[in-house]
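First comes the structure, then the notes that go with it.
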């Protein structure tokens, strides 16, 4: 395993194969860095132009002052600011970054929820999410891409604790500290007292009541020795354990007594608790210092990437405490005029123009200084895929160095940098910045605005013409109060005349400016909310589908830009989670895991999964975006649609329940269109707003029980009686028709009796 820290390159022991391969890798990196500097300069030239146009500084011939007019029309700045605000709002609905890790299966749901809560606390509570995200988005809008490094900061914890307890209790304390991510180093231990009640209870239980006096005398003798016993060190404890093991000639009673005393002896122990508390910080990487292979679109696929980080020697010492100052001053790479020059320090934005050509009048920092520790050096952080151990497989190696001084070199599992690109270009790592796309529009608008200003000035300022042979023209130009007439034949009515104002038409300039403004907004796909929705479409009662169809192409482009930026945010969230897993044994991570555990146990379930070689890669992240119907402009319409879905589904289920036709299977079919509507609105879990299947099953069961136990009302009883009476009458009529009524049955019986043999017949007289 490669692990090199704070050593010059020439002092690395190359007898080890891995160290020899590292030296070859370092020489290869020097060649790569030199070859990429030319491309870095080209990229910075484009970004520099965006920075200057954002600041409204004259950087080209088209923006140079003309006839004393140096006005520059601000097109880049409002566009960048607007795009930054829209994307930031889209990524942070309700002022927070809302997301969730998708569980692999049902068994992974608890771990996924814990990971979600932990990363959310790191991003939204332990860091200023809006501050970080807004500047990250602004960097991406101005410089093609925004690079954000997820940087773990491990703060060492040192605590001194003095506690009391039995040996068993002290061992439990040490185990609890280890479980919390702390190492309990026992410095001393002193016997203070004995729990007499527990000792006597154990002796009576094991030896009988007749041995109580013997036990009491032994305990009293032991207690008298306690004040004179010195504090036990680790060596004393080991010696005592050996002595106990050799005491084989002790009688049974004495052995039982000694064991009871040891178990119930109270000790006062001093501990030194050591460990680490992990804080995750978001470190922005300036685009003018970032280098990579521009033909590789994905960060994870980069074979080589890194960045320069100019800083003073003192800053390097603070950032990397293990640096050998004497060796570092000798082998570090100092900033000279050229590739690593600090350049303009006009403000934080003009710093992006770092090169050997500073802005006029702005001082440029130098490598030389009166204070040696204030000299600037270039610290380089590089990730490179290389077969460092010679096993035929490429490993990802992270190297931090300056010149030939190696600060750190180790194998890592991932590149801790997230890339945000709102306007990606297919097949390229670098996209197109929002600012650079508007630079031509700003130059066109500047020319038109200057012409408009010049025309206005000429129109508003009266001008006169004078024949130079009649007056002292130089005095007239100098604005002298008295004008000397040189010719006696001077005639004011003829020799002084008014020059007519220019006949330019400002209407054409206004039309041109409006067209440039429209083209600017259309180019970046940014529109105002008033330009997006038709008031007729936004009327209450309209469906969400109709509202979605009302989205203009510009609105769709705007939403797509937010989604492109969200991919970089997802990558950052994954890096935060991966960093927590990497340092899962730190005290701070375990404490964070405990607060997010369903049972409040100090267990980071994902970290335990990695320890068990049961790797789970939480690449699936659902992030809530304020786009489309979820944007702030459509919030009211979205809520109205949700409420309508609730009311419609409630009315349908109530009617079917009253009819007794509602079953769980039928409810799933009835609920499906409403759930699909909410999903279109961005509601992933419709059970938040709509009754779940379990709730409906309970409602059906309660309805059946209520119907069974329901007492009929007087009206219902009256209606039932009338219905029963009508039914009885109907049956009677039918029986009469069919000859099965009671009277017909009696007649049939009489006739049958008369026809029996032996009975006299009545023929009459």
Original post:
Stretched out fully, how many nm does the piece from residue 32 to residue 518 gain, at 0.36 nm a residue minus the Cα gap?
Top reply: 170.5 nm
Original post:
If each of residue 655 and residue 270 carries a label point 7 Å out from its Cα toward its Cβ, how far apart are those two points in nm?
Top reply: 8.2
**OP:** Evaluate the distance, in nm, between pseudo-label points positioned 7 Å from the Cα of residue 314 and of residue 453 along their respective Cα→Cβ axes.
**Re:** 4.3
**OP:** Please give the contour-minus-distance gain from residue 460 to residue 591: 0.36 nm per residue of separation, less the Cα-Cα distance, rounded to one decimal in nm.
**Re:** 39.9 nm
**OP:** With a 10 Å radius around each residue's Cβ, average the other Cβ atoms per peptide and rank 138-148, 157-167, 577-587, highest first.
**Re:** 138-148, 577-587, 157-167
Subject >> R0 of 22 Å, Cβ-Cβ distance residue 648-residue 685: FRET efficiency to nearest 0.05 >> reply: 0.70
Original post:
Length gain on complete extension for the stretch residue 301 to residue 42, per 0.36 nm per residue less the alpha carbon to alpha carbon distance?
Top reply: 90.9 nm
Subject >> residue 374/residue 281 FRET efficiency (R0 41 Å; Cβ-Cβ; nearest 0.05) >> reply: 0.95
Original post:
Between residue 61 and residue 389, what FRET efficiency comes out of the Förster formula 1/(1 + (r/R0)^6) with R0 = 51 Å and r the beta carbon distance, rounded to 0.05?
Top reply: 0.35
Original post:
Given q = 0.21, 0.25, 0.30, 0.34 Å⁻¹, what are the Debye log10 I(q)/I(0) values for region 1-45, with equal point scatterers placed on the Cα positions and solvent ignored?
Top reply: -0.72, -0.86, -1.07, -1.21
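The numbers here are math on the coordinates, done by the rules we state, and not lab data. Because the structure is a prediction, the values reported are computed rather than measured. Please note: Cβ atoms are built from the backbone with ideal geometry, for glycine as well, and neighbour counts cover all protein chains shown.
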